[in-house]
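S.K.: One structure is given below, represented as structure tokens, and several questions about it will come after.
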Amino acid sequence: MLDIKLIRDNPDTIKQSLLKKGADCSADIDRIISLDLRRREIIAASEADKAEQNRVSKQIPEIKKSGGDASEVLARLNALKDKVKDAETELRAVGDEYNDLMLKLPNTPDDDLSPGGKENNEPLRYYGEPHKFDFEPHNHYDLCTKLGLIDYQRGVKLAGSGFWIYRGLGARLEWALLNFFIDTHLADGYELLFVPHMLEYQCGLTAGQFPKFTDEVYKISNPTDDRMHYMLPTAEAALASLHREEILTEAELPKKYISYTPCFRREAGTYGSDERGMVRGHQFNKVEMFQFTTPEGSSNAFDELVGKAEALVAALGFHFRTVKLAAGDCSASMARTYDIEIQIPSMNGYKEVSSVSNARDYQARRGAARFKREGAGKTEFMHTLNGSGLATSRILPALVEQNQQKDGSVVVPEVLRKYMGGIEVIK
RNA sequence: GGAGAAGUACCCAAGUGGUGAAGGGGCUCCCCUGCUAAGGGAGUAGGCUGUUAACGCGGCGCGGGGGUUCAAAUCCCCCCUUCUCCGCCA
């Protein structure tokens, strides 16, 4: 959510900024401003009435005590009561529309981002060299099937298209990756959390998925319970709500969290053979990094998270590039996003394996996650940041393809061997 | 799943319709004493929000949301959470 005072004071700046993201919100912003104005008019008028109500009704006990006649005062209070009630009815209607529009406004992008979409993404740096083969490599789908690492057919049997089963050494490789990620983050001082995989609506609202993007998640409803839960599409949705409606002290910040969860996404539609296998499924595993910081601390935290994701990708032996996303390619909630992309030999171009974002105070406003500085009277909103560190769904295919040998075996990266009982080669 | 109880400030806790929501602990400051003690005194409700250049002046607030009433922590309804017991169960 954006700051209404900012919208009120600089509507054109905000409109321009959102336009950079490809979102024309001019009409909504104009409407918000007029609703805000009306909202405040109603509040001012009805609070004056309430103040009088309070003042006058205090006289009643005294009038009664002295045996006087209160009927005139009561009539006045009855009139006030109706007036206040009418004001509240109107305030509710105005407020509902206002809130709805405010929640739908995307975050403003940082000033240094290029406007427009994907095509304006800007590669910032490259690490290592693209992998070269001296033989004709196989794709990961064939390799994983042949080596018995992934059971695609039975995954489909169990849950339909877009699901697979890790098995045997494939499961161990997956588990090794996740453990390697977690151990690295723990060494960096991050706290590990296992969070619920089903969340309530308010989590999605805070993270920014709701009310606009409800179609992308799986919902769960039960016959005897009208509370909706949804399967988390990323641990970010849970972590963004961790300190919702809390006021931390400045000394407690930054809070650095990681969480391993499966991620569930509907991914409606088909993406063609370029993304077959496990590149885009309905369920994948991810270790998520998340930070709550002070406003002045969030830019450094962002660099830290990008650095951590890069280090993991590098440790696994991948060539990668880090890309600064153009405003329009950042998701609605984010002010800034860098993607880390690797090459999967059987596919064209670079594929995202990590996405690190700074939401600034956008999510914190939605969830009222605040902190107080030493000696300060006022609370301030925290900043929230998240990044994949990492998702395995593209790392594992890339790893299998890049590390394949001419004889069809796959070399296990050095850093993963201790998590796989010392196994060096999968064959 | 069934039955019951509870939710008031940092903590404990009083308060069943009417000024400013008791009291205690803790915390902060002061005094006395003089050295990790004891005593005395004072202070200590946050958060959100409207208005204002600011000081200030208002509104809301007793788990959340509705309702009754001139007036609700207090009465009514719905919900959430916690605890106890029973049932079921990895």
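The values are calculated or read from the model by the stated rules, or taken from the named source; none is laboratory data. In this text the structure is predicted, and so the values were computed from the model without any measurement. Note: ideal-geometry Cβ built from the backbone for every residue, glycine included; neighbour counts use all protein chains shown.
S.K.: Within the set of pairs 6+ apart or on separate chains, which have a first residue in the range A:238-251 that is free of Cβ contacts under 8 Å to residues at least 40 places away in the same chain, a second that is of a type in the set (Ser, Thr, Tyr) and surrounded by 15 or more Cβ atoms within 10 Å (Cβ to Cβ), and C-beta atoms under 6 Å apart?
M.R.: Pairs found: none.
S.K.: Among the residues of the range A:52-67, what is the count of those that are closer than 19 Å to A:Lys83 by Cβ and loosely packed, with under 12 Cβ neighbours inside 10 Å?
M.R.: 3
S.K.: Just to be sure, is A:Leu74 touching a residue at least 40 places away in the same chain (Cβ under 8 Å) and either near RNA strand B (Cβ under 7 Å from one of its atoms) or under 29 Å from A:Arg365 (Cβ atoms) (or both)?
M.R.: No; evaluated as a whole, the condition is false for this residue.
S.K.: Okay, next question. May I ask you to list the residues in the range A:92-128 that are in contact with a Lys or Arg (Cβ under 7 Å, 6 or more places away or on another chain) and within 12 Å of RNA strand B (Cβ to nearest atom)?
M.R.: If the condition is that a residue be in contact with a Lys or Arg (Cβ under 7 Å, 6 or more places away or on another chain) and within 12 Å of RNA strand B (Cβ to nearest atom), then A:Gly95, A:Tyr98 are the ones that fit.
S.K.: Next question. Restrict the check to the range A:361-368 and report whether at least one residue is within 22 Å of A:Ser114 (Cα to Cα) and surrounded by 21 or more Cβ atoms within 10 Å (Cβ to Cβ).
M.R.: Yes, there is a match, as at least one residue in the range A:361-368 is within 22 Å of A:Ser114 (Cα to Cα) and surrounded by 21 or more Cβ atoms within 10 Å (Cβ to Cβ).
S.K.: Let me ask something else about it. For A:Ser259, which of the numbered conditions (1) of a type in the set (Gly, Ala, Ser); (2) surrounded by 15 or more Cβ atoms within 10 Å (Cβ to Cβ); (3) modelled with pLDDT under 95 fails to hold?
M.R.: Unmet condition: (3).
S.K.: Would you be able to tell me the number of residues in the range A:104-151 that are touching a strand residue (DSSP E or B) at 6+ places or on another chain (Cβ under 9 Å) and of a type in the set (Asp, Glu)?
M.R.: Residues meeting the conditions: 4.
S.K.: Tell me whether the range A:393-401 contains one or more residues that are under 22 Å from A:Leu205 (Cβ atoms) and more than 16 Å from RNA strand B (Cβ to nearest atom).
M.R.: No: the range A:393-401 contains no residue that is under 22 Å from A:Leu205 (Cβ atoms) and more than 16 Å from RNA strand B (Cβ to nearest atom).
S.K.: Between A:Asp24, A:Asp28, A:Asp49, which is exposed (fewer than 14 other Cβ atoms within 10 Å of the Cβ), more than 8 Å from RNA strand B (Cβ to nearest atom) and acidic (Asp, Glu)?
M.R.: Of the residues listed, the single one that is exposed (fewer than 14 other Cβ atoms within 10 Å of the Cβ), more than 8 Å from RNA strand B (Cβ to nearest atom) and acidic (Asp, Glu) is A:Asp24.
S.K.: In addition: Restricting to the range A:370-420, count the residues that are surrounded by fewer than 17 Cβ atoms within 10 Å (Cβ to Cβ), out of contact with any strand residue (DSSP E or B) (no Cβ under 6 Å at 6 or more places or on another chain) and part of a loop (DSSP other than H, G, I, E, B).
M.R.: Qualifying residue count for the region: 10.
S.K.: What's the total number of residues in the range A:52-71 that are over 25 Å from A:Glu88 (Cβ atoms) and within 6 Å of RNA strand B (Cβ to nearest atom)?
M.R.: Total meeting the criteria: 1.
S.K.: When the range A:4-60 is examined, which residues are found to be touching a residue at least 12 places away in the same chain (Cβ under 8 Å), under 27 Å from the mean Cα position of the chain (by Cα) and more than 20 Å from A:Tyr98 (Cα to Cα)?
M.R.: Listed by number, the residues that qualify are A:Ser17, A:Leu19, A:Lys20, A:Lys21, A:Gly22.
S.K.: Within the range A:127-244, which strands (runs of 3 or more DSSP E) (wholly inside it) include 3 or more residues that are modelled with pLDDT under 90?
M.R.: In the range A:127-244, the matching strands (runs of 3 or more DSSP E) lie at A:219-222, A:225-231.
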